[in-house]
Amino acid sequence: MPVWVNGAPQDHLSVSDRGLAYGDGLFETVRVSNGKPTLAGYHWSRLQRSCERLGIVLDVAQLLEEVDAFLSGNQASAGVLKVIVTRGSGGRGYNPEGCLSSSRILSLHSLPVRQRDPGLFGARVKACQTCLGRSSLAGLKHLNRLEQVLARSEWQGGAYDEGLLCDYEGILVEGTMSNLFIVTHQGDLVTPDLSFSGVAGVCREFIIEFARSRGIIVKEQLVSDLDVAEIFLCNSVNGVWPVVEYEGRVWEIGPITTLIRDCVLEELNA
């Protein structure tokens with residue numbers, strides 16, 4: 001697994017780094033196609049916004065130069081690029097004062113291989129027992145992912161492709177690694193409001209923009225009922241997974257899901 005830290009090939013990080021000590025950082029998981037990051041503008045814009053919100057110093061232009069050099073140096077035609085940005089090294093304690101330079105970690109991984117393609121045949125999804133708490137950091141893809149770790153540990157093997165998480169009031173929020181969309185019987189596209197919990201994914205953002213450009217009504221609101229025409233999950237590596245089975249309920253892969261899935265797949269393979 002190729003790894004660069006702060007613009008140079010290496011695979012170690014200072015034990016005083018705040019990303020290790022406190023989860024004080026952010027990350028992006030980027031699909032690489034034909035040697036280039038896909039949905040790149042969405043990823044880098046989100047990373048910059050998130051760093052600004054947390055007060056993490058990041059030279060985005062420098063990072064993008066490092067990403068280009070990293071991918072070309074490793075002759076990466078296809079794969080998954082993980083970009084981690086931490087606040088950098090600092091003294092003991094929560095106070096971030098004095099952290100003037102962030103740490104940048106790049107790693108390259110193979111695309112996931114599955115015996116059965118959920119994007120083509122549909123995803124089998126379980127209801128996770130782990131619940132998401134409300135957070136002032138809702139929307140950010142920060143390094144604190146323990147809720148997702150606990151949720152994903154609820155099943156092993158191939159019985160399920162993904163799990164859905166609710167908040168403590170039973171409101172559906174997202175998958176362990178994906179965002180949720182439903183298509184109502186009226187043909188509207190609905191995705192959960194992420195004001196209080198969840199990650200605002202870049203594939204989710206792309207889909208919202210694409211759907212609206214096609215004249216589809218898109219709503220961001222609380223979702224508690226799955227009496228819907230279609231349901232699908234998305235992320236920036238796997239694209240769109242139509243949900244065909246969830247806790248004993250079944251759906252067909254519908255026309256709006258198919259339209260969006262094919263558009264996202266084209267973007268991820270560009």
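The values are calculated or read from the model by the stated rules, or taken from the named source; none is laboratory data. Computed from a predicted structure; not experimentally measured. Please note: Cβ atoms are built from the backbone with ideal geometry, for glycine as well, and neighbour counts cover all protein chains shown.
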Which residue pairs have Cβ atoms under 8 Å apart, sit 6 or more places apart or on different chains, and have a first residue in segment 80-102 that is in a loop (DSSP other than H, G, I, E, B) and modelled with pLDDT of 90 or more and a second that is crowded, with 21+ Cβ neighbours inside 10 Å and charged (D, E, K, R)? R87/R18; R87/D24; G88/D17; G88/R18; S102/R87
Kindly indicate whether S178 is closer than 20 Å to G139 by Cβ, exposed (fewer than 13 other Cβ atoms within 10 Å of the Cβ) and not aromatic (F, W, Y). no
Here are the criteria: (1) small (G, A, S); (2) closer than 20 Å to N238 by Cα; (3) surrounded by fewer than 17 Cβ atoms within 10 Å (Cβ to Cβ); (4) more than 16 Å from the chain's Cα centre (by Cα). Tell me which single one G41 does not satisfy. (4)
(1) acidic (D, E); (2) touching a residue at least 40 places away in the same chain (Cβ under 8 Å); (3) within 27 Å of A138 (Cα to Cα); (4) out of contact with any Pro (no Cβ under 8 Å at 6 or more places or on another chain): which one isn't true of E230, the others all being true? (4)
Looking at S110, S77, S101, S72, can you tell me which residue is under 18 Å from the mean Cα position of the chain (by Cα), loosely packed, with under 15 Cβ neighbours inside 10 Å and over 30 Å from E252 (Cβ atoms)? S110
Got at least one residue in segment 189-197 being out of contact with any Cys (no Cβ under 8 Å at 6 or more places or on another chain), at positive phi and in the same structural domain as K126 (by TED's automatic domain parsing)? no
Does L226 count as surrounded by 16 or more Cβ atoms within 10 Å (Cβ to Cβ) and in a loop (DSSP other than H, G, I, E, B)? no
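Could you check segment 164-203 and list, in sequence order, the residues that are hydrophobic (A, V, I, L, M, F, W, C) and outside any strand (DSSP E or B)? Give the steps one after another, and end with the answer.
The first filter runs over segment 164-203 and keeps only residues hydrophobic (A, V, I, L, M, F, W, C), leaving 164-166, 171-173, 177, 180-183, 189-190, 194, 196, 199-200, 202-203.
Selection gives I171, M177, L194, F196, A200, V202, C203.
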Among (1) at positive phi; (2) in a helix (DSSP H, G or I), S72 falls short only on (1)
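Just for segment 119-154: of the residues that are assigned to a helix (DSSP H, G or I) and without any contact (Cβ under 8 Å) to a residue 60 or more places away in the chain, which one is farthest from the chain's Cα centre (by Cα)?
Let us first name the residues in segment 119-154 that are assigned to a helix (DSSP H, G or I), namely 119-121, 146-152.
Remaining after also requiring without any contact (Cβ under 8 Å) to a residue 60 or more places away in the chain: 120, 146-152.
Working: L120: 20, L146: 15, E147: 14, Q148: 11, V149: 14, L150: 17, A151: 15, R152: 14 Å.
Here the residue is L120.
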When (1) in contact (Cβ under 8 Å) with a residue 12 or more places away in the chain; (2) more than 25 Å from E205 (Cα to Cα) are applied to D11, the one that fails is (1)
